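To start, the structure under review is shown below, and the notes come after it.
The values are calculated or read from the model by the stated rules, or taken from the named source; none is laboratory data. All values reported here derive from a predicted model rather than from experimental measurement. Don't worry about glycine lacking a Cβ; one is built from the backbone with ideal geometry, like all the others, and counts go over all protein chains shown.
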Amino acid sequence: MRTLRHYYIGRAIRRSRQLRPLVNRTAAIRPDAILVFVTQRNERVRLPYFLDYYRRMGVDHFLFVDNGSDDGSQEYLRMQGDVSLWHTSHSYKSSRFGMDWMNGLLFRYGAGHWCLTVDPDEFLVYPHHDSRPLRALTDWLDASANRSFSAMLLDMYPRGSIESAAYVEGQDPFEVARWFDPANYTINKNSGYGNLWIQGGPRARSFFPDTPRRAPALNKTPLVFWQRHYAYVSSTHSLLPRALNLVYEEDGGEKASGVLMHAKFLNTFVTKSTEELQRGQHYADSHEYLAYSAGLQNDTNLWCPESKEYVDWRQIEDLGLISKGNWA
């Protein structure tokens, strides 16, 4: 595993040469800054709310890689004073789906910082997030000698067709996509990396009903106190060293955890899925987007009678999807 970790770090350093800085404000990063790392392509409509959400949470600086956007994303991000931006037109697939670029930036700028690595449609929710900023969580993690924090991807969707879930720039996406699956999840332990492997939710039941084991993984460890000898292995599903994946207890207790509320299923999804399928830049020959293409039709509806409307973090704690652990 040590050899594999060194391989991923070396690969990231080499692939980071594919990145061309458009605006680099990292000199302004303070020693105690909380950082967000993002790879994006054509997400202009999502960016204003995404940045506002994490700014309100207490994020100090954003490091973006733009992979060939042509929708005005670059121009918008360049104007944001707390954003550093790199551009690349190289293959997303050949960069291990962007993780080489992320690992490269984390290696160079993330060491010694709490770093949150997310997509533009992922919004971290943790216990007390409505009253305690992200720094309160990271301070508690520091005091508890925890160096990583897990958050299950929670797919959110509208009641009604995805196509009619109209989203406008700057809007809270969860005003539109307010529903989620309260159960229907399977958990297995990966014997190699020690991380939990979670699948299920609306994507499994709607797009992979006959092959649920091919459904997307929902387990993520997006928040890490980064060091230069760390590396993400598969998206943010697993890391090296393996100890960073031990974000759970096996003796009957619970560690604190959150969710990444996933705002994928809005009316922008159909166009985005078609574009990504044509690009063919995603995992396993884009089998996930092939399933979306086969399942999408007019009036695509993920809602079912068991769906729950989101209320707050206490609701999803009661459902067992997040935990306070020892964080009172």
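Here TYR310, TYR289, TYR283 are screened, and the one residue that is under 26 Å from TYR49 (Cα atoms), at pLDDT below 75 and either of a type outside the set (Asp, Glu) or in contact with a strand residue (DSSP E or B) (Cβ under 9 Å, 6 or more places away or on another chain) (or both) is TYR289.
Across segment 308-326, what is the number of residues that are assigned to a loop (DSSP other than H, G, I, E, B) and either crowded, with 16+ Cβ neighbours inside 10 Å or without any contact (Cβ under 8 Å) to a residue 24 or more places away in the chain (or both)? Reasoning before the result, please.
Residues of segment 308-326 that are assigned to a loop (DSSP other than H, G, I, E, B), as a first pass: 310-312, 319-322, 324-326.
Of the ones still in play, those that are also either crowded, with 16+ Cβ neighbours inside 10 Å or without any contact (Cβ under 8 Å) to a residue 24 or more places away in the chain (or both) are 310-311, 320-322, 324-325.
The total comes to 7.
Filtering segment 180-200 down to residues that are hydroxyl-bearing (Ser, Thr, Tyr) and in contact (Cβ under 8 Å) with a residue 24 or more places away in the chain, which residue is surrounded by the most Cβ atoms within 10 Å (Cβ to Cβ)?
The first filter runs over segment 180-200 and keeps only residues hydroxyl-bearing (Ser, Thr, Tyr), leaving 185-186, 191, 193.
Pick out the ones that are also in contact (Cβ under 8 Å) with a residue 24 or more places away in the chain and you get 185-186, 193.
Values: TYR185: 17, THR186: 13, TYR193: 20.
Ranking the qualifying residues of segment 180-200, first place goes to TYR193.
Inspect all residues belonging to segment 82-93 and state whether any of them is in a loop (DSSP other than H, G, I, E, B) and surrounded by 18 or more Cβ atoms within 10 Å (Cβ to Cβ). Among the residues of segment 82-93, at least one is in a loop (DSSP other than H, G, I, E, B) and surrounded by 18 or more Cβ atoms within 10 Å (Cβ to Cβ), which makes the answer yes. From the residues in segment 201-245 that are in contact (Cβ under 8 Å) with a residue 40 or more places away in the chain and of a type in the set (Ser, Thr, Tyr), which one is farthest from TYR185 (Cα to Cα)? Only one residue tops the list, namely TYR230.
Give the residue that is surrounded by the most Cβ atoms within 10 Å (Cβ to Cβ), with candidates limited to residues of segment 94-104 that are more than 14 Å from SER234 (Cβ to Cβ) and either polar (S, T, N, Q) or within 16 Å of the chain's Cα centre (by Cα) (or both).
So the first thing to find is which residues in segment 94-104 are more than 14 Å from SER234 (Cβ to Cβ), and the list is 94, 101, 104.
If we keep only those that are either polar (S, T, N, Q) or within 16 Å of the chain's Cα centre (by Cα) (or both) too, we end up with 94, 101.
Working: SER94: 11, TRP101: 24.
Applying the filter and picking the extreme gives TRP101.
Being surrounded by fewer than 17 Cβ atoms within 10 Å (Cβ to Cβ), touching a strand residue (DSSP E or B) at 6+ places or on another chain (Cβ under 8 Å) and outside any loop (DSSP other than H, G, I, E, B) is a condition met by no residue of segment 214-228. When you check LEU141 against the structure, is it crowded, with 21+ Cβ neighbours inside 10 Å and either over 30 Å from VAL270 (Cβ atoms) or in contact (Cβ under 8 Å) with a residue 24 or more places away in the chain (or both), yes or no? In short, no.
Every residue, every condition in (1) among the aromatic types (Phe, Trp, Tyr); (2) under 30 Å from GLY72 (Cα atoms), yes or no:
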| position | (1), (2) |
| --- | --- |
| LEU154 | no, yes |
| PRO158 | no, yes |
| ALA166 | no, yes |
| GLU175 | no, yes |
| PRO182 | no, no |
| TYR185 | yes, no |
| LEU196 | no, no |
| GLN199 | no, no |
| SER206 | no, no |
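Determine, yes or no, whether ALA256 is surrounded by 18 or more Cβ atoms within 10 Å (Cβ to Cβ), modelled with pLDDT of 90 or more and within 17 Å of the chain's Cα centre (by Cα). Before you say what the answer is, go through the steps one by one.
Values: surrounded by 18 or more Cβ atoms within 10 Å (Cβ to Cβ): yes; modelled with pLDDT of 90 or more: yes; within 17 Å of the chain's Cα centre (by Cα): no.
Against the criterion (surrounded by 18 or more Cβ atoms within 10 Å (Cβ to Cβ), modelled with pLDDT of 90 or more and within 17 Å of the chain's Cα centre (by Cα)), ALA256 does not qualify.
Would segment 48-62 turn up any residue that is touching a residue at least 60 places away in the same chain (Cβ under 8 Å), touching a Phe, Trp or Tyr at 6+ places or on another chain (Cβ under 7 Å) and among the hydrophobic types (A, V, I, L, M, F, W, C)? No, segment 48-62 has no match at all. Only residues that are of a type outside the set (D, E, K, R), under 30 Å from HIS113 (Cα atoms) and in contact (Cβ under 8 Å) with a residue 40 or more places away in the chain were counted in segment 144-170, giving 11.
Check whether at least one residue in segment 164-173 is surrounded by fewer than 16 Cβ atoms within 10 Å (Cβ to Cβ) and more than 23 Å from ASN301 (Cβ to Cβ), and report yes or no. For segment 164-173, residues surrounded by fewer than 16 Cβ atoms within 10 Å (Cβ to Cβ) and more than 23 Å from ASN301 (Cβ to Cβ): present. From the list ARG44, ARG96, pick out the single residue that is within 21 Å of CYS115 (Cβ to Cβ) and basic (Lys, Arg). Only one candidate passes the filter, namely ARG96. Of all residues in segment 160-175, those being modelled with pLDDT under 95 and in contact with a Phe, Trp or Tyr (Cβ under 6 Å, 6 or more places away or on another chain) number 1.
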